[in-house]
Amino acid sequence: MDNNDISFEINVGEKRADSSFDKMRFNFRVACIIEKDGQVLLHKQKKDNFWNMLGGRVKCGETCEQALRRELSEELGCSCGKVQLVHVCENFFEFNETAFHELLVIFRAELSEEINMENVEDKIEIRWFPACELDEVVIKPEFAKEMMTKTSDQISWLVNDEIKKMIM
């Protein structure tokens with residue numbers, strides 16, 4: 001993690017009933033939905049068993065759009081054309097025994113050039129998936145599947161609390 005990333009841990013004051021940790025990490029992230037010819041571009045860390053939207057953490061002093069353009073350049077080695085804000089999500093989840101409170105800003109984006117696989121970051125894998133088959137793909141966060149297949153002119157706000165769902 002880069003020292004300029006907006007990500008920090010807070011002590012939530014007491015242990016949660018469903019887990020053994022008492023800290024929560026805050027993430028400020030951007031992600032994007034990239035579609036082409038009925039397919040959606042996803043990526044995953046090679047070590048993971050799930051896919052997600054391309055993007056990453058916002059650095060301090062960076063706008064969400066700047067962060068998205070930087071992340072696409074770093075991950076894909078290509079530049080981003082038009083971007084449009086579509087969703088803002090407050091996401092609570094657990095990953096590797098850490099609780100996260102994440103502010104996730106999602107754009108629809110177009111690539112301004114074709115992806116050269118030689119330029120793709122070594123630690124990730126990218127793949128185009130038919131939008132009609134996303135239900136069969138393990139994608140995190142899960143709610144992203146619906147966002148990728150539906151378009152709207154309205155910006156949406158979503159609160160997703162997987163931690164509370166696990167307690168219930």
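A few points about this structure:
- Complete set of residues in segment 73-91 that are surrounded by fewer than 17 Cβ atoms within 10 Å (Cβ to Cβ) and in contact with a helix residue (DSSP H, G or I) (Cβ under 9 Å, 6 or more places away or on another chain): GLY77, CYS78, SER79, LEU85
- Residues that are in contact (Cβ under 8 Å) with a residue 40 or more places away in the chain and surrounded by fewer than 17 Cβ atoms within 10 Å (Cβ to Cβ) were ranked within segment 103-114; the one that is nearest to GLU65 (Cα to Cα) is GLU110.
- Pairs are defined by a Cβ separation below 7 Å, a sequence spacing of at least 6 or placement on different chains, a first member in segment 129-154 that is over 18 Å from LEU104 (Cα atoms), and a second member that is part of a loop (DSSP other than H, G, I, E, B); the pairs so defined are PHE129/VAL137; PRO130/GLY38; ALA131/GLY38; VAL138/ASN49; VAL138/PHE50.
- Apart from one condition, LEU158 fits all of (1) outside any strand (DSSP E or B); (2) within 18 Å of GLN84 (Cα to Cα); (3) hydrophobic (A, V, I, L, M, F, W, C); the exception is (1).
- Residues of segment 45-57 that are assigned to a strand (DSSP E or B), touching a residue at least 60 places away in the same chain (Cβ under 8 Å) and either farther than 23 Å from LEU158 by Cα or in contact with an Asp or Glu (Cβ under 8 Å, 6 or more places away or on another chain) (or both): GLN45, LEU54.
- Selection status of PHE93, of a type in the set (Phe, Trp, Tyr), in contact with a Pro (Cβ under 8 Å, 6 or more places away or on another chain), assigned to a strand (DSSP E or B) and touching a residue at least 60 places away in the same chain (Cβ under 8 Å): yes
- Residues being in a loop (DSSP other than H, G, I, E, B) and at pLDDT 95 or above - total across segment 62-83: 2
- Pair list, Cβ < 7 Å and 6+ apart or interchain, from segment 58-84 residues that are under 14 Å from ALA31 (Cα atoms) to residues that are at pLDDT 95 or above and aromatic (Phe, Trp, Tyr): VAL58/PHE28; LEU68/PHE107; VAL83/PHE107; GLN84/PHE107
- The residue list GLU74, GLU90, GLU102 contains one member that is over 24 Å from ASP161 (Cβ atoms) and either of a type in the set (Asp, Glu) or touching a His at 6+ places or on another chain (Cβ under 8 Å) (or both), which is GLU74.
The values are calculated or read from the model by the stated rules, or taken from the named source; none is laboratory data. From a predicted model like this one, the values you see are computed outputs, not experimental measurements. Note that each Cβ is placed from the backbone with ideal geometry, even for glycine, and that neighbours are counted across all protein chains shown.
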